Amino acid sequence: RRSVLMGAAAGALAAPFIRPGAARAAEFSYKIANNQPLEHPSNVRLTEAVKAILEETSGAVDIQIFPSNQLGADTDVLGQLRSGGVEFFQLSPIILSTLVPNASINGVGFAFPDYDTVWKAMDGELGAYERGQIEGAGLVVMEKIWDNGFRQTTSSTKPIVTPADFEGFKIRVPVSPLWTSLFSAFGAAPASINFAEVYTALQTGIVDGQENPLAIMKVAKLWEVQKYLSMTNHMWDGFWLLGNRRAWGALPEDAQQIVAKHFNAGAEKQRADVMALNTSLRGDLEGQGFVFNDVDPQPFADKLREAGFYAEWKKTYGDEAWEILETAIGRKL
Ligand code: X2X
């Protein structure tokens, strides 16, 4: 296969080899999209990664970042990724399950007790299982998942303290059957809304609440349209860095390695950033007006079990996937 470092395109014209480090017009101008604002660590670390990729490929691979749903809402961009309209996309595995059903298994309610368990699972067998499912559906996926975080619940009307507080509660959830099922099991009234429309949905009162990790509450300025923040820690979610298979296959092998290396390194740095934010932001968000409360997760998990949530999803994912999940978390659900 041809090599990006040896200037294969130029070579075909019998021009001299292009040396590493020599500037030239990009051979591959690709796009990467996500739903987060530029100041979120995802985009800070992606910015570093695409710069390193540009430099190390001597300008051959030029990847432009489109943050904040600039290319469309998540479920639309997933379609663009499949058709090749966008080459790379960072997406929650739980939303990805609209295309790859079993990709959402990390989002099962209260599965993960802490970040340690998350990274062991997602860098281990559970992550490998999800990536296998994603590749089976015809997409490329980088090895390291990026962090979104443990999800907490906000409300404009009342704090969520016990499972009963969810009864009839109008809550925005991302577009995914797992999310709808989880909040239906609590007795809430979940509405599937893409992140691009969340702020407006809260502002206009279409819903009374939403759930997200603290780092997202911060960059989305949700204190402007929400009052209470309950530390429900009800699921952990991340972002797989996905690629279009044809666009990926068009890259010479050494370029693929360079791209993967910097994307995966970016993920590891972003994880450290986001973990730090998700643990340190409480004071900051209280200063903005959020009223925090901690919750005991046990009655919430019990409520899910009573509602048949775990039994239903075990059946949906299948015994093999469920066992990988239970092995990863070291307990039965
Ligand atoms: O849509 C959301 O709430 C977000 C930003 O957390 C995800 O991408 C799943």
Would you list the P(r) distribution for the chain, with all Cα-Cα distances sorted into 10 Å bins from 0 and each bin expressed as a whole %? 6, 26, 33, 22, 9, 4, 1, 0
Sparse-neighbourhood loop hits (trypsin sites (Lys or Arg not before Pro), region 221-253; DSSP loop; Cβ within 10 Å at most 14 others) -> K221
With N residues in region 130-169, Rg(alpha-carbon) / (2.2 N^0.38 Å) equals 1.99
For region 33-157: Kirkwood Rh in Å [reciprocal of mean 1/r, alpha carbons]: 16.0
On a 18 Å Cα-Cα criterion, which of the cross-link pairs K144/K221; K120/K269; K120/K144; K218/K303; K144/K218 come out too long? K144/K221; K218/K303; K144/K218
Per residue, how big is the convex hull around the C-alpha atoms of region 90-182? Give it to me in cubic angstrom, could you? 107
Output the 0 to 90 degree angle, nearest 10, between the alpha-carbon long axis of helix 319-329 and the longest principal axis computed from the alpha carbons of the chain. 80
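Defining a contact as two alpha carbons under 8 Å apart and six or more residues distant in sequence, what relative contact order in percent does the chain show?
Values: 627 pairs, mean separation 80.5, N = 333.
Relative contact order for the chain comes out at 24 percent.
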Which one of A185, A137, A49 has the biggest mean-square fluctuation once the chain is modelled by GNM with Cα springs under 10 Å? A137
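Please give the charge dipole size of region 64-131, origin at the Cα centre, charges +1 on K and R Cβ atoms and -1 on D and E Cβ atoms. Round to the nearest 20 debye. Walk me through the numbers on the way to the answer.
Working: 3 positive and 8 negative charges, 33 e Å.
Dipole about the Cα centre, nearest 20: 160 debye.
Computed from the coordinates by the stated procedures, all read-outs in this text should not be read as laboratory data. Just so you know, these numbers come straight off a predicted model, no measurement behind them. Using ideal geometry, Cβ is built from the backbone for each residue, glycine included, and neighbour counts are taken over all protein chains shown.
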